[in-house]
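Before any comments, here is the structure.
Read-outs throughout are calculated quantities, based only on the coordinates presented, and are distinct from any laboratory measurement. Note that the structure is predicted; figures quoted are calculated from it, not measured. Virtual Cβ from ideal backbone geometry, glycine too; neighbours counted across all protein chains shown.
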Amino acid sequence: MNDLIQIINDNYGIIAENIELISDHPGSKVYLATSQTGKYALKKTGLNNHGEKDGELSEFLSRNGINVAKFLRTKTNGFAFFDEHFQYTLQEFINGEQIPLNTASDWFMIKTAQTLGQIQNVLRDYKQLNKAQWPSWLLSKDPIAQNEPAIIAKIEEAKNSGDTALAAALQQRLKHIRRISGFNIELDKLTHVNSHGDFYINQTILKGKDLYVIDWDGGSNLPACNEVMMSFVYADPVCKDGIIDIDRFKPYLKEYLKYTELTNYDIQMMPYFTYCYFCFCGFTPPYDDLSDDYMQIAIFSDTLMNWLHDNVDTLSAELVAIFQD
């Protein structure tokens, strides 16, 4: 860790007395650095050049009343620095509470919906962020054509090796791919907004009554309907059982709509889009190598997709009936 302590001193003039790894995921590591001036989060990623963009975005959000972990500027006044292989950023460490998946209180649920709506409202006055990389392929037929043969091959491989549990899990995923193949979501008709890009309970820290939003790497311009339902299902305790309770989702969506407008088409397509996202942007079995937090997400996603397989049409119709203009 001494090399990281030296890196912080060289680039920020901060003398870290201790540094420890607190998060280790594919593509990124986060270290807690402690010094006499405070605590900081050092993020180490690949050479993706997100650091400058994320720093500028966080600075804008902070100026406009959104609670974020502020980026520190380097000695050269940038938000990131690089070595031969990695990019580094240093942010203030938010000493608060991370609420586990599907354990949010009713107060926290409303606070989350409010925060997401406020973020998107504030970012109307920001330059248009890059288009999210996933919607164009997510909603085309290409994922169906590409994934079905691959899944079938994996099923046969699992059967041949005697792994009946994996074969069954992959068969379930194939069922969802075929269900989704009948959807017709017109991307251009969906309301697009600047947003976080991956807003859900694991990207928030509660400090007192203030909700801080972290990890802005995915900040982009995307369909608004995605994050509102995604953030709900990962927070709501009832959803843990693989059920979207419309009576619980209704106040959540109403709070969000105070800040961000959605059309009838957005609301109609919201459950279908969420189903597609889970199927193609999540994890595919086997899950053996996933970290504990990602494993929890993967298992939850499978449970919810099974419910959506049978209930997505009804959920969509009920939402339209409640929230139509």
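Values as computed for the structure displayed
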quantity	calculated
Eligible lysines near Lys154 by straight Cα distance, threshold 29 Å, same-chain separation 8 or greater	Lys141, Lys175, Lys240
Relative contact order of the chain, pairs being alpha-carbon contacts under 8 Å that are 6 or more residues apart, as %	17 percent
Cα centroid separation - region 36-91 against region 211-279, whole Å	27 Å
Mean Cβ count within 10 Å, highest first, over the residues of peptides 173-179, 310-316	173-179, 310-316
Packing rank of 69-80, 139-150, where each peptide gets the mean count of other beta carbons within 10 Å, highest leading	69-80, 139-150
Nearest-ten-degree value, helix 164-180 long axis tilted from longest Cα axis of the chain	80 degrees
Kirkwood Rh and Cα Rg combined as Rg/Rh, region 2-92	0.94
Radius, Kirkwood style, for the chain when every pair of distinct Cα atoms is counted (Å)	21.2 Å
Residue (of Leu21, Gln6, Gly78) at the positive-pole extreme of region 2-92, dipole from beta-carbon charges	Gly78
Percentage of interatomic Cα-Cα distances in region 148-218 larger than 22 Å	59 percent
About the Cα centre, charge dipole magnitude for region 2-92 (Lys/Arg +1, Asp/Glu -1 at Cβ), debye	280 debye
The chain - share of DSSP beta bridges that are antiparallel (%, nearest 5)	95 percent
Tilt relative to the chain, helix 50-63 - C-alpha long axis, 0 to 90 degrees, to 10	90 degrees
Tilt relative to the chain, helix 106-122 - C-alpha long axis, 0 to 90 degrees, to 10	70 degrees
Helical contribution to [θ] at 222 nm, DSSP H n ≥ 4, -39,500 (n - 2.57), averaged over the chain, rounded to 500	-15500 deg cm²/dmol
The chain, dipole about Cα centre (Lys/Arg Cβ +1, Asp/Glu Cβ -1), debye to the nearest 20	560 debye
20 Å Cα-Cα reach of Lys39 towards aspartates and glutamates, excluding residues that sit fewer than 8 places from it in its own chain	Asp3, Asp10, Glu17, Glu20, Asp24, Asp54, Glu59, Glu92, Glu97, Asp210, Asp215
